[in-house]
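Structure first, then comments.
Only the coordinates and a few stated rules stand behind these numbers; no lab work does. The shown structure was predicted, so the numbers you read here are calculated from the model rather than taken from an experiment. Cβ atoms come from the backbone with ideal geometry, glycine included; neighbour counts cover every protein chain shown.
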Amino acid sequence: MHTNVNALFEALWQDYIEMTPSAAKVHQLLSKGDKIINDHIALRTFNISKVNLDVLAAHFESIGYVACGDYKFEAKKLNAKHFEHPDSTQPKVFISELLVEEFSEELQTTIKGLIEQVDDAATTADNFLYSGRHWDLDAKTYELLLAESEYAAWVAALGYRANHFTVSINHLPNFNTIFEVNDALKEAGFVLNAVGGEVKGSPEVLLEQSSTMADKINVSFSDAVVEIPSCFYEFAIRYPKADGELYTGFVAASADKIFESTNVN
Ligand code: OOG
Ligand code: NI
């Protein structure tokens with residue numbers, strides 16, 4: 001496991017920009033050369049004990065992160081938690097896990113077969129959170145998973161890595177609202193996730209979010225190379241609570257729609 005927060009996020013970022021060719025362009029468009037503060041990143045996994053949410057979380061807990069909120073997504077059959085670092089300038093972390101036992105026998109057998117191929121020692125290695133796929137997968141199996149769960153197919157194809165970074169709009173000197181950010185992105189030709197509207201949340205729930213639709217990249221399966229959705233970029237603006245401090249949690253109704261940024265269509 002990493003012992004240094006900055007080194008871990010730098011490694012996650014390098015992997016992320018390789019998976020997300022548009023990220024560097026978005027970064028440039030919004031930062032205009034200034035430093036970007038990340039609101040949060042997110043990771044996905046299956047709830048099988050070898051690789052579950054707690055296994056991913058341990059990598060963050062060992063460098064000081066603390067679990068702060070629990071979220072449930074009944075329709076997508078997911079649980080999630082978010083983690084915060086005592087240094088509030090460090091990104092928050094949102095980790096979700098698929099409730100494998102709630103799916104078909106076929107999906108369960110497939111996913112268990114993938115996870116059996118993961119070496120136990122790999123899950124505590126420094127690089128686990130950006131180590132990608134640890135199993136063989138053919139294109140037909142990817143398609144079968146996709147028919148049941150976009151999330152299952154995404155994790156099966158791409159494995160362990162940040163599925164998005166999130167720009168903190170509060171810290172962008174050149175933008176004041178999420179609408180200004182979205183307009184700049186659309187003008188530059190980026191496609192936003194429009195599920196439930198481009199802006200998820202509101203000042204009333206103390207968090208507004210938007211995201212690009214994931215880039216599509218060529219992924220090598222055991223029998224073919226297929227172009228599939230990889231990772232996306234998110235934008236978030238937070239509002240103060242009654243005590244004057246910015247809200248630091250997530251909003252399940254909004255998160256439910258952000259998950260769809262990696263949908264195939
Ligand atoms: C996480 C989706 C939720 C947020 O900010 O609400 C999320 C995911 O797509 O894995 O990132
Ligand atoms: Ni997010």
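Tabulated data for the structure shown
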read-out	value
Residue-averaged [θ]222 nm for the chain, counting only DSSP H segments that reach four residues, each worth -39500 (n - 2.57)	-9000 deg cm²/dmol
Inter-centroid distance (Cα atoms) of segment 205-265 relative to segment 132-172, Å	12 Å
DSSP-defined antiparallel bridges as percent of all bridges, the chain, nearest 5	75 percent
ALA194/VAL225 FRET efficiency (R0 30 Å; Cβ-Cβ; nearest 0.05)	0.55
HIS27 paired with LYS216, simple spin-label distance in nm, labels 7 Å along Cα-to-beta-carbon	2.5 nm
D (Stokes-Einstein, µm²/s), Kirkwood Cα radius, the chain, 0.692 mPa s at 37 °C	175 µm²/s
Local electrostatic count at GLU148 - Lys and Arg +1, Asp and Glu -1, tallied over other residues with Cβ under 12 Å	-3
